[in-house]
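Chemist: Questions regarding the structure given below will be posed in turn.
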Amino acid sequence: MDLQLKNKIALVSGSTAGIGYAIAKSLSAEGASVIVNGRTQARVDAAVKNIKADTGSDKVTGVIADFSKVDEIDALIRQVPEVDILVNNVAIFDTKEFSAIDDAGWLKFYEVNVMSGIRLSRAYFDKMIKKNWGRIIFISSESALQIPAEMIHYGMTKSAQLAISRGLAELTKGTNVTVNAVLPGPTMSEGIGSFIESLAKDQKKTKQQIEDDFFKHMRPTSIVQRFLTTEEIANMVTYLASPLAAATNGAAIRAEGGVLKTMV
């Protein structure tokens, strides 16, 4: 299937590894001109090199920005003045007891996970409306609807993304611009992989045993009973970024392996 993404310019925040990298790679494979983002030159250069090698595309570039620093975000926007597709993927997470999360912790998560998407969307939204085509996609999480007790601050930011994406979608009426959110479930990203390896070593278990324990005790409602692959999330995002997904707007699309039991 031709997703009609040739000649589209896509910016994926936080895309040197994990879900963001898989999205950048998938968009590149479909012919889009992709801008990879990371916090260091070395990470960005490596991601660009690997995507080019894997997809055969020479339309892959990179831009450095740490989304906890407003000046670096402003610099990114100056370097990338216009895009057709914006994927707000960058995010931080950790597990921490509610009582141990101080004000600085709450603000840090909000700054990176929420304000990153607000700032980039604000930079590109009106331009998309003016040319009457564009895609903005927020990478939220099943944690937006099923707040994890072990990281309430993370869940809060993912819920906020749903509100922002739906609100922005309301401003696209009568245009060919869409704004949607994707809700991945537990995914075997770089961070999760390292976390699982660390747990396996500490508990003297195999990685498979740790994964089985996770879905038995932490995410028992999962239907697939496994970590999703980053490519599985990227497939959904790439479709939503395409002209073929024109009828999907203001939606929260689940790609979470059946963790959420609610119908709506």
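Chemist: Consider the stretch 2-23. How many of its residues are free of Cβ contacts under 8 Å to residues at least 60 places away in the same chain and of a type outside the set (D, E)?
Modeler: 3
Chemist: Which residues, counting only those in the stretch 142-197, are modelled with pLDDT under 95 and assigned to a helix (DSSP H, G or I)?
Modeler: Passing the criteria: E190, G191, I192, G193, S194, F195, I196, E197.
Chemist: If you check every pair at least six apart or on different chains, which have Cβ atoms under 6 Å apart with a residue in the stretch 86-102 that is of a type in the set (V, I, T) first and a residue that is surrounded by 20 or more Cβ atoms within 10 Å (Cβ to Cβ) and part of a strand (DSSP E or B) second?
Modeler: That search, which allows pairs on different chains as well, returns V87/V12; V87/I137.
Chemist: Of (1) surrounded by fewer than 15 Cβ atoms within 10 Å (Cβ to Cβ); (2) part of a helix (DSSP H, G or I), I223 satisfies all except one. Which?
Modeler: That leaves (2) as the condition not met.
Chemist: Sort out which residues of the stretch 118-134 are under 18 Å from the mean Cα position of the chain (by Cα), outside any helix (DSSP H, G or I) and surrounded by fewer than 19 Cβ atoms within 10 Å (Cβ to Cβ), and write them in order of number.
Modeler: none
Chemist: If I go through the stretch 187-246 residue by residue, how many of them are hydroxyl-bearing (S, T, Y) and touching a residue at least 40 places away in the same chain (Cβ under 8 Å)?
Modeler: 8
The values are calculated or read from the model by the stated rules, or taken from the named source; none is laboratory data. All values derive from a computational prediction rather than experimental measurement. We place every Cβ from the backbone using ideal geometry, glycine too, and count neighbours over all the protein chains shown.
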